[in-house]
1. Which of the trypsin sites (Lys or Arg not before Pro) found in the stretch A:15-104 are in a DSSP loop and have at most 15 neighbouring Cβ atoms, other than their own, within 10 Å?
2. Would you give the gap between the C-alpha center of the stretch A:60-101 and the C-alpha center of the stretch A:27-47, rounded to a whole Å?
3. Given a Förster radius of 51 Å and the C-beta distance between A:Gln38 and B:Val22 as r, what FRET efficiency does 1/(1 + (r/R0)^6) yield to the nearest 0.05?
4. Could you work out, for the stretch A:163-223, what percent of all Cα-Cα pairs fall into each 10 Å distance bin, beginning at 0 Å and stopping at the bin that holds the largest distance?
5. How charged is the neighbourhood of A:Phe223? Take every other residue with its Cβ under 15 Å from the Cβ of A:Phe223, and add Lys/Arg as +1 and Asp/Glu as -1.
6. Between the stretch A:234-248 and the stretch A:143-182, what's the alpha-carbon centroid distance in Å?
7. Holding the Cα-Cα limit at 27 Å, pick out from A:Lys315/B:Lys139; A:Lys64/B:Lys25; A:Lys32/A:Lys64; A:Lys74/A:Lys150 the pairs that are longer than that.
8. Roughly how many nanometres apart are two label points built 7 Å out from the Cα toward the Cβ at A:Val208 and A:Met52?
Amino acid sequence: MEATTLGIVIKAIIILAVISAVAGFGTYLERKVLAFMQRRLGPMHVGPYGLMQILADGIKLFTKEDIIPQNANKLIFALAPAITAATAFIALSAVPVFPDFTIPSWIPLLGGTFVPSVAADINIGILFVLGMMAAGLYGPLLAGMAQANKWGIIGAARTAIQFLSYEVVTGLSILAPIMIVGSLSLVDFNNYSSEHAWLMFTQPVAFVLFLIGGFAETNRTPFDLLEHEAEVVSGYATEYSGMRWGMFFIGEYANMITVSVLTAVVFMGGYNDMWFLPGWLAILLKIAFVFFLMLWVRASWPHVRPDQLMWLCWKVLMPIAVINVVITGIVIMV
Amino acid sequence: MYEQIAFYLFSVLTVILFLITVMSKNVLYAMTSLASGMVLISGFFFILGADFLGVVQLIVYVGAVMALYSFAMMFFDATRDVKEKNTNSALVFILGGMSALVLVLMFAAPIFSENIQALYPMHPEVGNAQDVGIVLFTKYLIPFEVAAVMLLVAMIAGIILAGKKMDQSFTQDMSVDEEILKQKDTK
């Protein structure tokens, strides 16, 4: 069935609404999960079990004074958070989040509209998503350089280091699954796993490498160099306050969700029906699992130094990824 | 209709951004407009239906300009204007104008010749990436491999230039400890 403009607009609204809400709720989940792993209670005071903490945080972010430092480059300083938030959502436009569905005809106005699984089904979806997420790192980079603050400059330098380290790993690790599926479209990945075993089991090395690269891409804790509080105050975000800082935050959580969706679609069977679970619930559970994995890793491992990250990516992970690609190629050819 | 609107939007923005790159004296403005101009150029590839080239443009230039930023970070104060040393502006003007003219002639020449045909037309049913791959590994195999060898040469040269003291660790500098010990001994 052909996707209409209305269907694509509905899909975009679904993505924006669901992901923004989940990103807000994700902060609460992160605090709670981290707290339970560290034998604390986490937020408890606002609402039952601290559930209204998101609202309190939102009010605080919106009403906080917006400060631009005197010597900062004001235009770039104001632009940087928007880059992070915008690219995170642009990347989501090419990711299939839920299966195709048609709005039931008893709903007035919109009834019978076909809503596609991807807002923009381009043939090279996976490359586009990775490229857009890479462009998102310009946010921290510009923020760090524009704010006339030494901690910010260090944060920006670390952004460049991080970018130069992880990108080769994510690119090479995803190459072996691409060779097996024979397409760059995420919808094809999903259709592949409806007939074959999950790529997580046939490509375990690529799966682990992609997860590690994804953690580095989203600045999750083992590779949380950019705003490592114990070392560089808050890195690139030192001078930011209020909603400008909030946009970095939303962008980071949207990126976490993008990496979760990518992992779920490429390696964990996507939005196919699983046993008795309908497809949309199955992919939500998979996304939630990868998200939980990120929090789990954050609670378990300490930070690494920038030079350790570079050493890890270029001297350990990249050779493994290349060997994986070569072996996959030999197996496909034979 | 949408394609024309998108084309004029992208072309105006690209020209303005690259003008800022050339004219601005602030290194941060110059780099940022360069990066965003490069990203917008990928929009033209998307309009032409060359999705794969568009994404390659995006990924390659995002990475390449990021490396340029790190140089800017090392050499300039990003929040102040750079004082340029302009020794001979007439020469720069003539050379720049000449190369611009040559570029315009090169790209305008096909407009006047009518026998342009796509030697390797796209196949919408298999996708753009496959087409690029087939052409790269059949017709343009030798240029492709030569480019790969050149990149390898550049990489090895870079490692040799940068790696003179690679056996020493910068973070754990033992020689500093030894010098401190020596100073203590002399005291």
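Readers should treat all values here as calculations from the given coordinates under stated rules, not as data from a laboratory. If you're wondering where the values come from, they're calculated on a predicted model, not measured in any experiment. Here the Cβ positions follow ideal geometry from the backbone for every residue, glycine too, while neighbour counts run over all protein chains shown.
1. On the way: sites: A:Arg31, A:Lys32, A:Arg39, A:Arg40, A:Lys60, A:Lys64, A:Lys74; in loops: A:Arg39, A:Arg40, A:Lys64.
Sparse-neighbourhood loop trypsin sites (Lys or Arg not before Pro): A:Arg39, A:Arg40, A:Lys64.
2. 26 Å
3. Working: r = 53 Å, r/R0 = 1.05.
The calculated FRET efficiency here is 0.45.
4. Going out from 0 Å in 10 Å bins, the stretch A:163-223 shows 23, 48, 25, 4 percent.
5. On the way: positive: A:Arg158, A:Arg220, A:Arg298, A:Arg305; negative: A:Glu167, A:Glu217, A:Asp224, A:Glu227, A:Glu229, A:Glu231, A:Glu252, A:Asp307.
With Lys, Arg at +1 and Asp, Glu at -1, the net is -4.
6. 19 Å
7. Details: A:Lys315/B:Lys139 35 Å; A:Lys64/B:Lys25 34 Å; A:Lys32/A:Lys64 24 Å; A:Lys74/A:Lys150 17 Å.
Exceeds cut-off: A:Lys315/B:Lys139; A:Lys64/B:Lys25.
8. Simple spin-label model gives 4.7 nm for this pair.
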